[in-house]
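The values are calculated or read from the model by the stated rules, or taken from the named source; none is laboratory data. Not measured: the values here are computed from a predicted model. Counting neighbours? That spans all protein chains shown, and the Cβs are built from the backbone with ideal geometry, glycine included.
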Amino acid sequence: MAIAGLADSLMLASSYSGILVFFSLIVAVLASYTALNMAGRVASTRGLASRLWLIGGSVAMGFGIWSMHFIGMLAFRLPIAIGYDLGLTTLSLAIAVSSSAFALWLVCLEELPGRRLCGGALLLGAGIAAMHYTGMAAMKMEPGVIYEPWLFAASIAIAVLASGAALWIAFRLRRDAERVVLPRVGASLVMGCAIVGMHYTGMAASQFPLGSWCGAANSGLDAKWLAVVVILISLMVFAIALIIAMLDVRADALVTSLDRANSELVQLALHDNLTRLPNRVLLGDRMEQAIHTAAREKRQLAVLFIDLDGFKAVNDVFGHHVGDLLLKAVSRRILAIKREHDTVARLGGDEFVVVLDIGTPEDAAVLAQTVVDQLGAVYSIDDNTVHVAASIGIAIYPENGRTTHELMVNADAAMYHAKEQGRNGYCFFESAMNANVHQQLQLQQDLRRAVDRGEFLLHYQPKLVSPNGPMVGVEALLRWQKPDVGLVPPDEFLSVAERTGLIVPIGNWVIDEACRQMRAWQDEGHDDWTVAVNLSTVQLTHVGLVDVLREALERHGIEPRHLVLEVTESTAMRDAEASLAILNQLAALGVGISIDDFGTGYSSLLYLKQLPADELKIDRGFITELTQGNDDEAIVSAIIALGKTLGLKIVAEGVETVEQQELLTRLGCNALQGYLLGVPVAADQLSRANRALA
């Protein structure tokens, strides 16, 4: 390569096509935008997908830069015939693709310190410059192209600086996040102008002596054919940039829509519809966190259970509208009293709970007295003068309980004691208040005997295709046939079974019995039925669960798809990572996974979409008042839409009225379950009822 300076009069006159120059700028900007998007795709994926995006991005970006270069070459005109050597032209394209691959790889590393950025800028700048001057050499000019030294050096410098800027911009914008489209467009304009600047600076440095001729004019690629190739490649770059831009916009819109829907769903599911205070579910989560913090910091925690005295009379005299307004006023007064980090929740009706960190029990007493005084002051609601009082029970962590359940039960017991003492006051919990402690101990002993004596049985509630059938499965519901007592409902003993660990052998029996009964039904010809069993938190984390399931399925010859495991949303989300690992093991057996009581937990969409679930069951709490014009219909509709988006079947439980049945069917539920469609009965009764319907 000769570098010298000659007088302009001894050089061939050259010119440019303005349209092609402008077109080369457009291609450079689009190539830059494509590169930024590809960097985002590579950075946001892993494994094979990341490697494929890297290869595809390298080709697209390299072809784009190369197209811009040769459009610029075509825009350059000399008064002689021009052609391009095929080998050198192909080499320049290979250099462009290789440089693009290096750039995409570099910006997708976890870190890009200054030294690495500078080194990358030098290598990438050298690659772009090599691509440009290899393309120039493809003309095979004789006696040779002469370059102005300072313009030649300037083009190299511009290539290096532009490469450094491009690498830095691409690294900063590599993550596919919200509102990244406009910054990428602006960055593409800057990068495109820098690339074009380098190219035309290099072209300005080139001079062609009088009498020069192009050695590739006859043997190389004809400029017209090269124009066709470059235009096709340019159109490809246009298409890639447009498609990626559309995908970006749609992805951003989808992410925004899902985030908004999730926020609304969380707000509706975790807050009281009337007062917008945290509900029982969110209160439980807050209490778990508060207990964990208090235990770690060895501090005390107080739970104030508040019940309004005289609220029923207000409802009876002034109507429910005034009663609702009164509850809102009460919640505002409690919120005005609480400290910044205290939690105030409404459990339902006229019951409220306050959870607060305390230094001594006297701190709780001071706040309780303030609440009693403030809530006892007169209310003016809709021109009506209203009076209520407050009875408050106080339980202290850790003296009165170390779990959410214990603290709530003991605070509730203390609240009733405050009512017995004359209301309009507060009372600390004392162990003598909890008169059923002995009953709890006796219940534990009876449960242990029940496990040994086989006193448990299963009732089955049918699950029907919306709205009226046919029956597609059943849910197995545990019952305790206690001698001399009769059937004991599960809500009276399950909490004790979980707390003592007896739920594991009981749960294992349930799984085996459900599989045995499923075998019997299949022998009767019901090959399309499924049987669902509930898994508690203790069972889900038990190490032998997978083996118990596998052995039960093999023992009774049941295909795994006929068994569905129902896990409550709160259980699945309690330790999302661990639950995901366990549920994946269960799903690998081939059994169905159903997320039960959905809408009452504290789900994350990130984990929810990763759970290997087939089915989503809407909590009966949203179904009970579904036709009474409150927010429950909005919640149910949002849950159904979310489930459909995730490809899950939707089941509504607790259907008790025709109105609920019709509304849930219209909203899109796949299956219904409830007393309207069938009460839980013993297996033989269910078989007889099904035969009668058939």
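Descriptive notes on the structure:
- Test: residue in segment 495-517 that is closer than 15 Å to residue 682 by Cα and either at pLDDT below 90 or in a strand (DSSP E or B) (or both): no
- When segment 521-544 is filtered for residues that are modelled with pLDDT of 90 or more, under 22 Å from residue 503 (Cα atoms) and assigned to a helix (DSSP H, G or I), nothing remains.
- Taking the numbered list (1) modelled with pLDDT of 80 or more; (2) in contact with a Phe, Trp or Tyr (Cβ under 8 Å, 6 or more places away or on another chain); (3) exposed (fewer than 12 other Cβ atoms within 10 Å of the Cβ) in turn, residue 18 passes all entries but (2).
- Inside segment 650-694, residues that are in a strand (DSSP E or B) and farther than 22 Å from residue 268 by Cα make up a count of 4.
- Residue in segment 89-97 that is touching a helix residue (DSSP H, G or I) at 6+ places or on another chain (Cβ under 6 Å), hydroxyl-bearing (Ser, Thr, Tyr) and assigned to a helix (DSSP H, G or I) present: yes
- Residue that is surrounded by the most Cβ atoms within 10 Å (Cβ to Cβ) [pool: residues in segment 370-385 that are assigned to a helix (DSSP H, G or I) and over 43 Å from the mean Cα position of the chain (by Cα)]: 376
- Condition check for residue 362: surrounded by fewer than 20 Cβ atoms within 10 Å (Cβ to Cβ), in a loop (DSSP other than H, G, I, E, B) and out of contact with any Leu (no Cβ under 6 Å at 6 or more places or on another chain): no
- Residue in segment 287-305 that is farthest from the chain's Cα centre (by Cα), counting only those that are closer than 21 Å to residue 569 by Cβ and surrounded by fewer than 18 Cβ atoms within 10 Å (Cβ to Cβ): 292
- Members of segment 339-375 found to be over 22 Å from residue 298 (Cβ atoms) and at pLDDT below 90, listed by number: 347, 348, 349, 350
- Listed conditions (1) in contact with a strand residue (DSSP E or B) (Cβ under 6 Å, 6 or more places away or on another chain); (2) assigned to a helix (DSSP H, G or I) are all met by residue 473, apart from (2).
- Qualifying residue in segment 133-150 (condition: within 18 Å of residue 35 (Cα to Cα), surrounded by 15 or more Cβ atoms within 10 Å (Cβ to Cβ), assigned by TED's automatic domain parsing to the domain that holds residue 166 and touching a helix residue (DSSP H, G or I) at 6+ places or on another chain (Cβ under 6 Å)): no
- Residues in segment 478-503 that are free of Cβ contacts under 8 Å to residues at least 40 places away in the same chain and among the β-branched types (Val, Ile, Thr) were compared, and the one that is farthest from residue 529 (Cα to Cα) is 485.
- Whichever residue in segment 306-316 is surrounded by 12 or more Cβ atoms within 10 Å (Cβ to Cβ) and out of contact with any Leu (no Cβ under 9 Å at 6 or more places or on another chain) and, among such residues, is farthest from residue 381 (Cα to Cα): 307
- Enumeration of residues in segment 128-155 that are farther than 18 Å from residue 70 by Cα and either touching a Pro at 6+ places or on another chain (Cβ under 6 Å) or in a helix (DSSP H, G or I) (or both): 149, 150, 151, 152, 153, 154
- Subset of segment 254-275 [touching a residue at least 24 places away in the same chain (Cβ under 8 Å) and either in contact with a Pro (Cβ under 6 Å, 6 or more places away or on another chain) or not in a helix (DSSP H, G or I) (or both)]: 272, 273, 274, 275
- Of all residues in segment 556-574, those that are touching a residue at least 60 places away in the same chain (Cβ under 8 Å) have Cβ atoms under 8 Å from Cβ atoms of residues that are crowded, with 20+ Cβ neighbours inside 10 Å and small (Gly, Ala, Ser), 6 or more apart or on another chain, in 564/473; 564/532; 564/592; 564/594; 566/532; 566/594; 570/601.
- The listed residues are 24, 9, and the only one of them that is modelled with pLDDT under 75, part of a helix (DSSP H, G or I) and in the same structural domain as residue 183 (by TED's automatic domain parsing) turns out to be 9.
- Test result for residue 553, closer than 23 Å to residue 617 by Cα, assigned by TED's automatic domain parsing to the domain that holds residue 591 and either in a loop (DSSP other than H, G, I, E, B) or of a type outside the set (D, E, K, R) (or both): no
- Residue 101 in the same structural domain as residue 51 (by TED's automatic domain parsing) and without any contact (Cβ under 8 Å) to a residue 60 or more places away in the chain: yes
Listed here are the residues, each with its yes/no results for (1) of a type in the set (Ser, Thr, Tyr); (2) over 15 Å from residue 273 (Cα atoms); (3) over 34 Å from the mean Cα position of the chain (by Cα); (4) not in a loop (DSSP other than H, G, I, E, B).
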{"site": "333", "(1), (2), (3), (4)": "no, yes, yes, yes"}
{"site": "339", "(1), (2), (3), (4)": "no, yes, no, no"}
{"site": "347", "(1), (2), (3), (4)": "no, no, no, yes"}
{"site": "352", "(1), (2), (3), (4)": "no, no, no, yes"}
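- Any pair with Cβ under 6 angstrom, 6 or more apart, that starts in segment 455-477 at a residue that is free of Cβ contacts under 8 Å to residues at least 60 places away in the same chain and ends at one that is surrounded by 21 or more Cβ atoms within 10 Å (Cβ to Cβ) and not in a strand (DSSP E or B): 476/514
- Failed item in (1) under 18 Å from residue 461 (Cα atoms); (2) at pLDDT 85 or above, with residue 614 passing the rest: (1)
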